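The structure under discussion appears below in the form of structure tokens.
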Amino acid sequence: MNPEDLAHLRRARDLMDREYARPLDVPAMARAALMSPAHFSRQFRMAYGETPYGYLMTRRIERAKALLRRGDLSVTEVCMAVGCTSLGSFSARFTELVGESPSAYRARSHAASAAIPACYAKLRTRPSRNKEASAPAGP
């Protein structure tokens, strides 16, 4: 993959990171990358190891975890705040990535992680399809 294509893909990935709560679809992301939707999807998966939609949903779930830890919003409010329109799909994807339902995650105490610096907490709590975030640290 050439450096110019990577720069275009980064532009689309940055859009997803920044505008995760907006309604984004593959054609909109492809426009940001100056590529056709099919080419964009193939190139994105090759560069980042997951589909554009999978990456976007991971960002949404990551933000949802932070909102649920706060505890002042319902699961439905969190679902809508992160750009999901179906509570059922949101809950299923959350459970798939996190390993517990949004309700269970919200109900559990997060006091132990309150003293952890935000930058480290973000790294440790980032949901991952590949489970590399939860892999044990090597020597």
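A few remarks follow.
- Identity of the residue in segment 49-104, in contact with a helix residue (DSSP H, G or I) (Cβ under 6 Å, 6 or more places away or on another chain) and open to solvent by 60 Å² or more (accessible area, probe 1.4 Å), that ends up farthest from ASP14 (Cα to Cα): SER103
- Condition met for PRO3 (over 17 Å from VAL82 (Cα atoms) and open to solvent by less than 60 Å² (accessible area, probe 1.4 Å)): no
- Residue that is farthest from PRO3 (Cα to Cα) [pool: residues in segment 17-47 that are in a helix (DSSP H, G or I) and within 13 Å of the chain's Cα centre (by Cα)]: ARG18
- Flag if TYR20 is out of contact with any strand residue (DSSP E or B) (no Cβ under 7 Å at 6 or more places or on another chain) and under 16 Å from GLY83 (Cβ atoms): yes
- Failed criterion for ARG106 (all others in (1) at pLDDT 95 or above; (2) over 17 Å from the mean Cα position of the chain (by Cα); (3) assigned to a helix (DSSP H, G or I) hold): (1)
- Those residues of segment 48-86 which are more than 21 Å from ARG108 (Cα to Cα), in a helix (DSSP H, G or I) and of a type in the set (D, E, K, R), in sequence order: ARG59
The values are calculated or read from the model by the stated rules, or taken from the named source; none is laboratory data. What you see is a predicted model; the values in this text were computed from it and never measured. With ideal geometry, Cβ positions are generated from the backbone for all residues, glycine too; neighbour counts draw on all protein chains shown. Each accessible area value is taken on the protein alone, full model and side chains, heavy atoms only, with ligands, DNA and RNA left out. Shrake-Rupley method; radii C 1.70, N 1.55, O 1.52, S 1.80 Å.
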